[in-house]
Amino acid sequence: MRLVILGGSGAGKSTQAQRLGKFFDVPLVSTGETLRAAISGNSQNSAYGELNGLVMEAKPYLEDGELVPDEMMIEFIKVRLKQALNNGWILEGYPRTAFQCEELDFLLEDLGQNLDWAIYLQVSAVVMVNRSLGRSLPDDQPEIVQRRIELFYDSYGALRYRTIPILEYYDRRRRLLTINGDQSPEQVQQNILTLLGNR
């Protein structure tokens with residue numbers, strides 16, 4: 001199983017990615033987890049070795065609540081997906097722009113892999129803010145959280161009556177599943193598994 005988990009900050013991406021990774025017994029590739037190591041200073045202890053340089057380059061963007069540039073993120077994913085993940089994976093925190101969606105498809109084609117589904121956890125901006133501020137992560141300061149949510153709406157184009165470019169990208173390819181992320185983690189997971197089981 002190869003899945004991409006999409007959604008804004010605090011939408012529950014990490015929680016569902018971890019749950020689904022255990023359920024399907026496939027590794028979790030979390031960009032946020034590794035990039036946050038740059039802020040905490042633990043990146044040198046990362047098991048990812050060659051990614052340490054990329055993580056440190058990303059640090060200034062993370063500290064300002066900005067999106068890490070496409071080039072850095074694409075290289076990060078390229079390294080991770082080449083690390084013997086042929087049996088499947090759950091990708092969380094990427095892609096975050098339509099350009100990254102295309103680059104991911106090109107990379108998967110080169111690796112001889114296919115994406116099964118992109119799962120979008122749909123939650124309101126209020127829920128995103130409240131959940132983010134309740135996590136106590138190093139980069140979850142109020143002003144940074146607010147900036148990340150603004151960037152989410154910018155990059156997804158997720159204004160109320162506008163098309164969301166990333167979601168449109170996967171919807172056109174019939175690879176998009178939208179889930180109500182406002183529910184409990186258990187219910188969200190069950191809804192995801194139910195949808196996957198019906199495909």
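No lab work stands behind these numbers, since they all come straight from the coordinates. The structure presented is a predicted model; accordingly, all values stated were derived computationally and were not measured. Positions of Cβ are backbone-derived with ideal geometry, glycine not excepted, and every protein chain shown enters the neighbour counts.
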Quiz prompt | Label-point separation in nm, Asn87 to Glu186, each point 7 Å along Cα→Cβ | solution = 2.9
Exercise. Set the Förster distance to 30 Å, then compute FRET efficiency between Met72 and Arg173 from the Cβ-Cβ distance, nearest 0.05.
Key: 0.75
Practice problem: Output the peptides 178-187, 8-17, 117-126, 70-79 sorted from most to least packed, where packing is the average of other Cβ atoms within 10 Å over each peptide's residues. | Solution: 8-17, 117-126, 70-79, 178-187
Quiz item: What nm distance separates the two modelled labels at Tyr61 and Phe99, each placed 7 Å from Cα along Cα→Cβ?
Solution: 1.0
Practice problem: Describe numerically, in nm with one decimal, the distance between label points set 7 Å from Cα along Cα→Cβ at Asn114 and at Met1. | Solution: 1.8
